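Novice: Below you will find the structure I want to go over with you.
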Amino acid sequence: MTISGKCGADVVWVMDQSGSISTTEYTDMKNLIKAVIDLLTISPIETLMGAVGFKSSASSDVIFLNDHNNAVSLKNDVSS
């Protein structure tokens, strides 16, 4: 599956880091995000992507929309 054309979208993922999510499920979430990154053109002109984790409140571990201008650096940040 590929997405063609210019999206011009800002996407923010909210990742559940609560005790109800196993390590495997959390890894699955990160893999889904990386798969979506592969479908989009990450750039200031087309698509920006960010993420925030939450338990009972938002995490201080945040990927802001303007942190990454390309898919490689974004995927590396998601993987960490």
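The values are calculated or read from the model by the stated rules, or taken from the named source; none is laboratory data. Just so it is clear, the model here is predicted, and its values are computed rather than measured. Every residue, glycine among them, receives a Cβ derived from its backbone with ideal geometry; neighbour counts consider all protein chains shown. Only protein heavy atoms, including side chains, enter the accessible area calculation; ligands, DNA and RNA are left aside. Shrake-Rupley method; radii C 1.70, N 1.55, O 1.52, S 1.80 Å.
Novice: Name every residue in segment 33-80 that is of a type in the set (Val, Ile, Thr), assigned to a loop (DSSP other than H, G, I, E, B) and either open to solvent by less than 80 Å² (accessible area, probe 1.4 Å) or under 23 Å from residue 17 (Cβ atoms) (or both), in order of residue number.
Specialist: Listed by number, the list holds a single entry, 41.
Novice: List every residue pair whose Cβ atoms sit under 7 Å apart, with the two residues 6 or more apart in sequence or on different chains, where the first one lies in segment 53-71 and is in contact (Cβ under 8 Å) with a residue 40 or more places away in the chain and the second, anywhere, is assigned to a loop (DSSP other than H, G, I, E, B) and surrounded by 12 or more Cβ atoms within 10 Å (Cβ to Cβ).
Specialist: Sorted first by the residue in segment 53-71, then by its partner, the pairs are 54/17; 59/17.
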